[in-house]
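**Q** This is the structure I want to talk about, given as structure tokens.
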Amino acid sequence: MPYRLTVLGTGYLGATHAACMADLGYEVLGLDVDAAKIARLQAGDLPIYEPGLEELLKRNLEAGRLRFTTSYEEAAEFGDVHFICVGTPQKPGEYAADTSYVDAVVDSLAPHLTRECLVVGKSTVPVGTAARIAERLTRLAPAGDQVELAWNPEFLREGYAVQDTLRPDRIVIGVASEKAEKILREVYAPMLSAGVPLIVTDYPTAELVKTAANAFLATKISFINAMAEVCEAAHADVKQLSLALSYDERIGGKFLNPGLGFGGGCLPKDIRAFMARAGELGADQALSFLREVDAINMRRRARMVDLARELAGGSFDGRNVAVLGAAFKPNSDDIRDSPALDVAVNIRTQGGRVRVYDPVALDNARRAHPELEYGESAFDVARDAHVVLLLTEWQEFIELDPEELGRVVAERKVVDGRNALDADAWRAAGWHYRALGRP
């Protein structure tokens with residue numbers, strides 16, 4: 001008989017995992033303490049934007065394989081395998097990760113675990129968390145050591161989450177017993193039979209895989225942005241430099257795109273939490289380079305504001321600035337630590353009239369930054385603009401006709417914060433084109 005699965009936490013990770021596992025044929029119960037969110041999900045209304053996920057949600061609700069609850073007692077009774085999918089945000093005023101949501105799930109679930117089951121952590125946590133939780137589960141659960149823990153980090157990319165869940169590039173499981181390994185091999189059998197590599201390891205290694213992957217990715221992005229700083233000083237072209245580097249098989253071209261840098265709910269807080277945990281372990285010198293990775297990333301935002309001010313004539317006073325993009329990346333409505341909104345708010349603070357447009361993140365942006373103005377299209381916000389800023393590389397922005405857009409602006413000046421536009425085409429249409437790291 002197939003295992004019945006619960007997914008504890010129905011945010012970005014949890015909603016995706018629940019719908020995808022149901023689509024593989026499992027009976028899945030999603031749990032959240034937010035009753036309003038649960039009501040929306042049960043009605044087939046996805047509270048986040050993620051391509052392909054809403055269709056998956058509706059299909060599996062209709063098929064009866066997926067449903068949602070706010071009851072831990074019901075979840076404990078229902079599930080054989082319980083996936084923890086709650087967030088671990090950065091603590092206010094600190095670099096460290098806040099694991100209180102993970103702890104709250106364990107404390108709420110464990111007292112109802114009266115039979116043998118496997119609890120599986122998917123949240124990104126500081127190394128050492130899993131061992132602590134394993135002990136806590138055994139102590140709090142009536143079933144005692146019949147309740148086992150495994151750690152199974154997620155590697156989702158926003159905008160590609162369905163694909164990354166159903167066809168991941170690897171599955172990592174940290175386990176303390178062969179039994180836990182056997183259960184997860186069976187749960188993930190559809191992926192494993194399709195040839196997805198499985199890495200079986202201990203708790204701390206599994207915990208480190210996600211944070212190490214994010215640290216490496218952040219380092220690669222900040223490296224090319226550091227080269228952009230040098231290129232600006234040397235009057236070189238970072239876009240051509242990046243292209244030349246990409247042909248070196250030791251380096252590769254993925255995530256070697258110079259621009260405004262990274263944001264979102266993962267990379268910034270994960271590298272900071274990694275530094276904080278390394279300090280607690282007495283290994284802070286090993287990750288001291290991540291401070292500069294973080295600093296380079298934040299400098300890109302300040303440089304973007306400087307470039308925009310230069311094009312505006314040296315001051316934002318009395319100038320209209322059109323901002324294209326609010327989400328931290330395309331194909332997402334996530335505005336957490338969004339470089340685009342950070343730049344927009346800074347320009348407004350310096351006296352500019354800022355109007356923002358994003359294809360899907362406007363509602364979230366309005367709630368977070370009511371002080372900004374918003375429009376319903378790229379042409380809407382660009383009307384009478386003295387400077388246009390491309391800050392999130394949505395395809396619809398890349399495909400804009402520079403001649404057509406030029407008819408509505410006050411001045412044909414554009415700063416390409418993502419090095420995504422065809423510079424020659426924009427210049428040919430009479431635009432003063434600037435980009436980070438390019439002449």
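**Q** Considering only 150, 82, 111, whose Cα is most displaced toward the positive end of the charge dipole of region 5-201, charges sitting on Cβ of Lys, Arg (+1) and Asp, Glu (-1)?
**A** Highest projection toward the positive end goes to 150.
**Q** May I ask you to list the residues of region 65-81 whose amide nitrogen lies under 18 Å from a point 7 Å from Cα along the Cα→beta-carbon direction of residue 45?
**A** 67-70
**Q** Taking Cα atoms, how many degrees apart are the long axis of helix 53-63 and the longest axis of the chain, rounded to 10 and kept between 0 and 90?
**A** With rounding to tens, the tilt is 30 degrees.
**Q** For region 199-259, count the residues as N, evaluate 2.2 N^0.38 Å, and divide the Cα radius of gyration by that value, please. Write down the numbers at each step before the final one.
**A** Numbers: Rg = 15.1 Å, N = 61, 2.2 N^0.38 = 10.5 Å.
In units of the 2.2 N^0.38 Å rule of thumb, it is 1.44.
**Q** If you take the Cα Rg of region 274-325 and divide it by 2.2 N^0.38 Å, with N the number of residues, what do you get? The partial results should precede the final answer.
**A** Working: Rg = 17.9 Å, N = 52, 2.2 N^0.38 = 9.9 Å.
Computed over Cα atoms of region 274-325, the ratio equals 1.81.
**Q** Would you indicate which of (i) 28.4; (ii) 23.3; (iii) 21.6 is the value of Kirkwood radius over Cα pairs in Å derived from the coordinates of this structure?
**A** The calculated read-out lines up with (ii).
**Q** Now a separate question. How charged is the neighbourhood of residue 118? Take every other residue with its Cβ under 13 Å from the Cβ of residue 118, and add Lys/Arg as +1 and Asp/Glu as -1. Can you show the working numbers first?
**A** Numbers: positive: 4, 115, 122, 179, 182, 185; negative: 80, 116, 145, 148, 178, 181, 186.
Within the 13 Å Cβ shell, the charges total -1.
**Q** Right, next: Give me 246, 193, 315, 338 ranked fewest to most by other Cβ atoms within 10 Å of their Cβ, as a rough exposure proxy. If you can, show how the numbers build up before the last one.
**A** Values: 246 15, 193 8, 315 11, 338 28.
Fewest-to-most ranking of 246, 193, 315, 338: 193, 315, 246, 338.
**Q** Next question, about the same structure. Taking R0 as 30 Å, what's the FRET efficiency between residue 170 and residue 398 from their Cβ-Cβ distance, rounded to 0.05? Don't skip to the answer; put the middle values down first.
**A** Working: r = 31 Å, r/R0 = 1.03.
FRET efficiency, residue 170 to residue 398: 0.45.
**Q** Measuring from label point to label point, each 7 Å out along Cα→Cβ, what is the residue 115 to residue 317 span in nm?
**A** 7.4 nm
**Q** Let me ask something else. Please list the non-local residues whose amide H lies under 5 Å from the amide H of residue 82, H modeled 1.01 Å from N, same-chain partners needing a gap of 5 or more.
**A** Amide H neighbours of residue 82, under 5 Å, 5+ apart: 6, 118, 119, 120.
**Q** With runs of 4+ DSSP H residues as the only contributors, calculate the mean residue ellipticity of the chain at 222 nm using -39,500 (n - 2.57) per run, divided by the residue total and rounded to the nearest 500. Walk me through the intermediate numbers first.
**A** On the way: 19 runs with 197 residues, N = 439.
Roughly -13500 deg cm²/dmol at 222 nm, from the helical runs in the chain.
**Q** Using a simple charge model, +1 on the beta-carbon of Lys and Arg, -1 on the beta-carbon of Asp and Glu, nothing else, what dipole does the chain show about its Cα centre, in debye to the nearest 20? The partial results should precede the final answer.
**A** Numbers: 49 positive and 64 negative charges, 136 e Å.
With Lys and Arg at +1 and Asp and Glu at -1, about 660 debye.
**Q** Further question on the same structure: Suppose a student asked you for the relative contact order of the chain, using Cα pairs under 8 Å spaced at least 6 residues apart; what percent would you report?
**A** Numbers: 883 pairs, mean separation 52.1, N = 439.
12 percent.
**Q** Right, next: Work out the length of the dipole vector of region 1-136 about its Cα centre, built from +1 on the beta-carbon of each Lys and Arg and -1 on the beta-carbon of each Asp and Glu, and round it to the nearest 20 debye. Could the numbers behind the result be given before it?
**A** Values: 12 positive and 19 negative charges, 25 e Å.
Here region 1-136 has a charge dipole of around 120 debye.
**Q** Take the Cβ-Cβ distance between residue 94 and residue 349 as r, set R0 to 30 Å, and report the resulting FRET efficiency rounded to the nearest 0.05. Write out the running numbers ahead of the final one.
**A** Numbers: r = 25 Å, r/R0 = 0.84.
The pair residue 94/residue 349 has a calculated efficiency of 0.75.
**Q** Most exposed first by the Cβ proxy, i.e. fewest other Cβ within 10 Å, how do 300, 67 rank? Can you show the working numbers first?
**A** Details: 300 24, 67 18.
Neighbour counts put them in this order, fewest first: 67, 300.
**Q** So if I place +1 on the C-beta of Lys and Arg and -1 on the C-beta of Asp and Glu, and nothing else carries charge, what would the dipole magnitude of region 236-439 be about its Cα centre? I want it in debye, nearest 20. Numbers along the way, then the final one.
**A** Numbers: 28 positive and 32 negative charges, 114 e Å.
Value, rounded to 20: 540 debye.
**Q** Which order do 17, 112 fall in if you start with the one that has the fewest other Cβ atoms within 10 Å? Present the calculation step by step, with values, prior to reporting the outcome.
**A** Values: 17 23, 112 17.
Sorted ascending by nearby Cβ count, the order is 112, 17.
**Q** Considering region 5-201, what Rg and Dmax in Å follow from its alpha-carbon atoms?
**A** Computed over the Cα atoms of region 5-201, radius of gyration and Dmax are 15.8, 46 Å.
**Q** Give a quick list of GluC sites (Glu not before Pro) in region 378-439 that DSSP marks as loop, anything other than H, G, I, E or B, with at most 14 other Cβ atoms within 10 Å. Present the calculation step by step, with values, prior to reporting the outcome.
**A** Working: sites: 393, 396, 399, 403, 404, 411; in loops: 393, 399, 411.
For GluC sites (Glu not before Pro) across region 378-439 that sit outside H, G, I, E and B with at most 14 neighbouring Cβ atoms in 10 Å, the list reads 399.
**Q** Go ahead and run the numbers for FRET between residue 135 and residue 291, Cβ-Cβ distance against an R0 of 51 Å, rounding to 0.05. Walk me through the numbers before you get to the answer.
**A** Numbers: r = 33 Å, r/R0 = 0.64.
Step by step, r from the Cβ atoms, then E = 0.95.
**Q** Can you compute the modelled spin-label distance between residue 55 and residue 380, with each label point 7 Å from Cα toward Cβ, in nm?
**A** Output for this residue pair reads 2.7 nm.
**Q** With all distinct Cα pairs included, what does the Kirkwood hydrodynamic radius of region 236-439 come out to in Å, to one decimal, could you say?
**A** Values: mean 1/r = 0.0565 Å⁻¹.
Hydrodynamic radius (Kirkwood, Cα pairs) of region 236-439 is 17.7 Å.
**Q** Lysine pairs in the chain 8 or more apart or on different chains: how many have alpha carbons under 22 angstrom apart?
**A** The result is 23.
No lab work stands behind these numbers, since they all come straight from the coordinates. Because the structure is a prediction, the values reported are computed rather than measured. Positions of Cβ are backbone-derived with ideal geometry, glycine not excepted, and every protein chain shown enters the neighbour counts.
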